[in-house]
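**Student:** Pasting a structure here, questions to come.
The values are calculated or read from the model by the stated rules, or taken from the named source; none is laboratory data. This structure is a prediction, so every number in the text was calculated from the model and none was measured. FYI the Cβ positions are ideal-geometry reconstructions off the backbone, even for glycines, and counts take in every protein chain you see. Areas reflect the complete protein model, heavy atoms only, side chains present, ligands, DNA and RNA absent. Shrake-Rupley method; radii C 1.70, N 1.55, O 1.52, S 1.80 Å.
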Amino acid sequence: MEETVLGRNADNPKVVSVREYYAYKLQIRHDDTTYLLYFGRLLQQYIVDSYVKLETQRLDFFRIQQEEIRQEFLQGVVDAMAKGETEGSAIGRRIVLPSNFIGGPRNMRQRYVDAMALVQKFGKPDIFLTMTCNPNWPEIIENLKPYEEGQNRADLIVRVFHAKVEQLKHELFKNNIFGEICAHTYVIKFQKRGLPHAHFLLILESNCQMHTPEDFDKIVSAEIPSQSANPHLFRMVVQHMIHGPCGSLNHFNVCMKKKGSCKNLYPKDFSSQTIQTDDAYPIYRRRNDGSEVKVRGAILNNKWVVPYNAYLLCKFNYHINIEICSSIKAVKYIYIYIYIYIYIYIYIYIYI
């Protein structure tokens, strides 16, 4: 079958691209008799193989289109020497990837520069938000067969996650739960365990920006709520927003570094009030009020709570970390973190 790279063939509307074909194959249908989505880990291998085929075709397309992207100005001995090449074996014909190739060097550099331009025009980010996919969402559990595991249904996971991201964007940009946002950027990538998560950077309008610890406390909390006063929020915090245990309580936790300390610096110190510091983030209020919960076999207190927003946590039922960018020092780290270490993800190809 003839296939195109950049969408449907204008001369033959019945011809579809590789991406469209595999997106069609991965759709959920009640009358599906192919059982493709029920192959467990084989489905994961099928998706990876399909992605490799798609990416290979895209690379081949750009390889044969070098003249159209002015390759003659970007190759040759003179250009190679200008780039610091001193070995003759390293000097040869180069394939230049344009900026519209997702994940390519020019694409990532362009995204990074565009994001930094927002800081130049609108100022430093005010909020750093991270949301993580919850494999136990009802929308996922209800669509699994009795013998299926969520980790083997990447198609279902990313579709539900995409819907949740759109809901979150509606809350942030339409309902303005944190105030009017003048600029934002976000990126979606996968964790080591295969679940997608998103990083948002929000720049608020000047009349909505937060300047005092009292303003921070209105949207960010780092304490265990009262179980009797708000049982739903209590369950969400215990389920999603308790770090660890690590350190002396568990030397083998994934956050532990070789020197035996937590890379996220938990447990935090108690603090009677939120303190604005010169570091990237403020010290959030963590009162020593005697609140304790048993999580993963250990008794933990407010020292182990990950900063969260009560409204978003209760509404979406997932791990959602909120950080206040109290200093300009946070800009470089955050932007490098979300744009340099971004992964090329299957999400954008298999979702329709």
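**Student:** If I compute solvent accessible area with a 1.4 Å probe over the protein chains, what percent of it on the range 94-240 is carbon and sulfur?
**Tutor:** On the way: 3620 of 7230 Å².
Taking all protein chains in place, the range 94-240 shows 50 percent carbon and sulfur surface.
**Student:** Taking K and R as +1 and D and E as -1, what net charge do the other residues with C-beta under 9 Å from the C-beta of residue 208 add up to? Mind showing how you got there, number by number?
**Tutor:** Numbers: positive: none; negative: 126, 180, 205.
Spelling it out: positives minus negatives among the neighbours equals -3.
**Student:** Quickly work out the residue 45-to-residue 116 label distance, labels modelled 7 Å from Cα along the C-beta direction, and quote it in nm with one decimal.
**Tutor:** So the label points at residue 116 and residue 45 sit 4.4 nm apart.
**Student:** Another one. Given the pairs 218/268; 169/315; 53/189; 164/303; 124/218, which are separated by over 18 angstrom at their Cα positions?
**Tutor:** Values: 218/268 20 Å; 169/315 13 Å; 53/189 20 Å; 164/303 29 Å; 124/218 20 Å.
Violating the 18 Å Cα-Cα cut-off are 218/268; 53/189; 164/303; 124/218.
**Student:** First measure r as the distance between the Cβ atoms of residue 211 and residue 163, then evaluate 1/(1 + (r/R0)^6) with R0 = 30 Å and state the FRET efficiency to the nearest 0.05.
**Tutor:** Values: r = 35 Å, r/R0 = 1.17.
About 0.30, to the nearest 0.05.
**Student:** Further question on the same structure: Calculate the FRET efficiency for residue 147 and residue 288 from the Cβ-Cβ distance with a Förster distance of 45 Å, rounded to the nearest 0.05. Walk me through the numbers on the way to the answer.
**Tutor:** Numbers: r = 47 Å, r/R0 = 1.05.
So, using R0 = 45 Å, E works out to roughly 0.40.
**Student:** Just check the range 147-276 against the gyration tensor rule for me: Cα atoms, a ≥ b ≥ c as the square roots of the eigenvalues, rounded for a/c under 1.5, and otherwise prolate or oblate depending on whether a/b exceeds b/c. Write down the numbers at each step before the final one.
**Tutor:** Numbers: a/c = 1.62, a/b = 1.07, b/c = 1.51.
The shape class here is oblate.
**Student:** On to the next question. Assuming 0.36 nm per residue, please report the length gained on full extension of the stretch residue 227 to residue 15 beyond their Cα-Cα distance.
**Tutor:** Here the segment from residue 227 to residue 15 would lengthen by 70.5 nm.
**Student:** Could you check the simple spin-label distance between residue 56 and residue 99, using points 7 Å along Cα→Cβ, in nm with one decimal?
**Tutor:** Rounded to a tenth, the inter-label distance reads 3.1 nm.
**Student:** Give the ranking of 116, 236 by solvent-accessible surface, highest area first, calculated with a 1.4 Å probe. Walk me through the numbers before you get to the answer.
**Tutor:** Working: 116 60, 236 15 Å².
I get 116, 236, largest accessible area first.
**Student:** Oh, and also: In nm, give the distance between the simple-model label positions of residue 63 and residue 235, each being 7 Å from the Cα along the Cα-to-Cβ direction.
**Tutor:** With each label placed 7 Å out from Cα toward Cβ, I get 5.5 nm.
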